[in-house]
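Trainee: Encoded as structure tokens, here's the structure I'll be asking about.
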Amino acid sequence: MTLSGYIGRRAGSTLGQIGELFVIVLEGLRRTWDVRRWWWEFVEQCWFLARVTSVPVLLVALPLGATVALQVGELARQLGASSATGSAVFVGLIREVAPLASALLIAGAGGSAMTSDIGARHIRDELSAMEVMSVNPIHRLVTPRMWAASTIAVCLCPLVILAGASGGYFFNVIVQGVTPGAYFDGAFSLVVASDLYVTLFKAWIFGFIAAAVACYKGMTCASSPVGVGRAVNQATVVTFMLVFAFNYVISAVYFLAYPPRSL
């Protein structure tokens, strides 16, 4: 096979997979209004995702906020602007770190479990059995997982901000000697309400993407245990790529619409 033929075949396969993903997402949203059919599955998935991501997200955000405060605080001290450390910590946490951290943990901890669960159902022909019984597996399994992942991703954002700000407070105030008033005054000097709204919106989108990709990979994996393992790996990698791509697009549009204000 020639190089151009191989590239064309791979491009066609990729476009086909993107189309299948969109079909599953749209089909999952089509009967979202019928909440009674997926409510308890939604509650169960929310509890599962909260249980597996709440502690890890705190353990990730604490040292991350402390590291940002340590590095930025040392640079600010050399420039004679130690009070600006709080601004850097809070702006970074709210605008970028919080939605990304919550989405990556949803994808890594929750999305992998979703892929393996639906993949195991697929290789045991449970999805086909559901179709035989006139039960749409997408409405029954995908819809509640997409809404649960987006909901928990939004709920994780305040935890990331609080934990990261606590870590930054420790290093900036206790270790580097900046007064608490200067830390919090700098923290709220650049942050506006629209930053928080966009952060929650990004977290919702990222959680939705993580669940959609995880369910798609689980429903289309090869019918073997090895296929399920490969689907879990592929779902995690694809989700990370999509999250960072969408984060760039949303951030670029937001900065064009609402330019950052200066001190």
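The values are calculated or read from the model by the stated rules, or taken from the named source; none is laboratory data. Here the structure is a predicted model, which means the values were calculated and not measured. Methodologically, a virtual Cβ is constructed for each residue, glycine included, from the backbone with ideal geometry; neighbour enumeration extends over all protein chains shown. Accessible surface areas use protein heavy atoms only, side chains included; no ligands, DNA or RNA. Shrake-Rupley method; radii C 1.70, N 1.55, O 1.52, S 1.80 Å.
Trainee: What ranking of Tyr258, Tyr216, Tyr169 comes out by heavy-atom accessible area, probe 1.4 Å, highest first?
Mentor: Numbers: Tyr258 130, Tyr216 15, Tyr169 70 Å².
Putting Tyr258, Tyr216, Tyr169 in descending order of accessible area: Tyr258, Tyr169, Tyr216.
Trainee: By how many degrees, between 0 and 90 and to the nearest 10, does the Cα long axis of helix 180-190 differ from the longest principal axis of the chain?
Mentor: In the chain, helix 180-190 runs at an angle near 60 degrees to the longest axis.
Trainee: Among Phe246, Ser224, Val198, which residue has its Cα positioned farthest towards the positive end of the charge dipole of the stretch 106-263, with +1 placed on the Cβ of Lys and Arg, -1 on the Cβ of Asp and Glu, and the dipole taken about the Cα centre?
Mentor: Of the candidates, Ser224 comes out farthest on the positive side.
Trainee: Order Thr14, Thr53, most accessible first, counting only protein heavy atoms with a 1.4 angstrom probe. Let's see the in-between values first.
Mentor: Working: Thr14 70, Thr53 0 Å².
These residues rank, largest area first, as Thr14, Thr53.
Trainee: For the chain, take the longest principal axis of its alpha carbons; what is the angle in degrees between that and the long axis of helix 3-30, to the nearest 10 within 0 to 90?
Mentor: Once rounded, the angle reads 90 degrees.
Trainee: At a probe radius of 1.4 Å, what is the per-residue accessible area of Asp185, in Å² to the nearest 10?
Mentor: It works out to around 110 Å².
Trainee: Can you sort Ile174, Ile161, Ile18, Ile106 by solvent-accessible area, 1.4 Å probe, largest first?
Mentor: Ile174, Ile18, Ile161, Ile106
Trainee: Ok, one more. Once you keep just the Cα pairs under 8 angstrom separated by 6 or more residues, what percentage relative contact order results for the stretch 3-257? Could the numbers behind the result be given before it?
Mentor: Details: 359 pairs, mean separation 81.5, N = 255.
With pairs under 8 Å counted, the relative contact order is 32 percent.
Trainee: Determine the dipole magnitude for the chain: charges of +1 sit on the beta-carbon of Lys and Arg, -1 on that of Asp and Glu, nothing else is charged, the reference point is the Cα centre, and the result goes in debye to the nearest 20. Intermediate values should be presented prior to the final figure.
Mentor: Details: 17 positive and 13 negative charges, 64 e Å.
That gives the chain a dipole magnitude of about 300 debye.
Trainee: Oh, and also: Give the span of the chain's Cα atoms along each principal axis, as three whole-Å numbers ordered largest to smallest.
Mentor: Answer, in whole Å and largest first: 68, 51, 35 Å.
Trainee: Also: Hey, what angle do you get for helix 193-219 against the long axis of the chain, alpha-carbon based, 0 to 90 degrees rounded to 10?
Mentor: Tilt of helix 193-219: around 30 degrees.
Trainee: Another question, then. How much solvent-accessible surface does Arg230 expose, in Å² to the nearest 10, with a 1.4 Å probe and all protein chains in place?
Mentor: Looks like 150 Å² after rounding.
Trainee: First compute the accessible area of the stretch 3-257 with a 1.4 Å probe, then give the percent of it belonging to carbon and sulfur atoms. Don't jump to the answer; show the numbers that get you there.
Mentor: Numbers: 8870 of 12600 Å².
Roughly 70 percent, rounded to a whole number.
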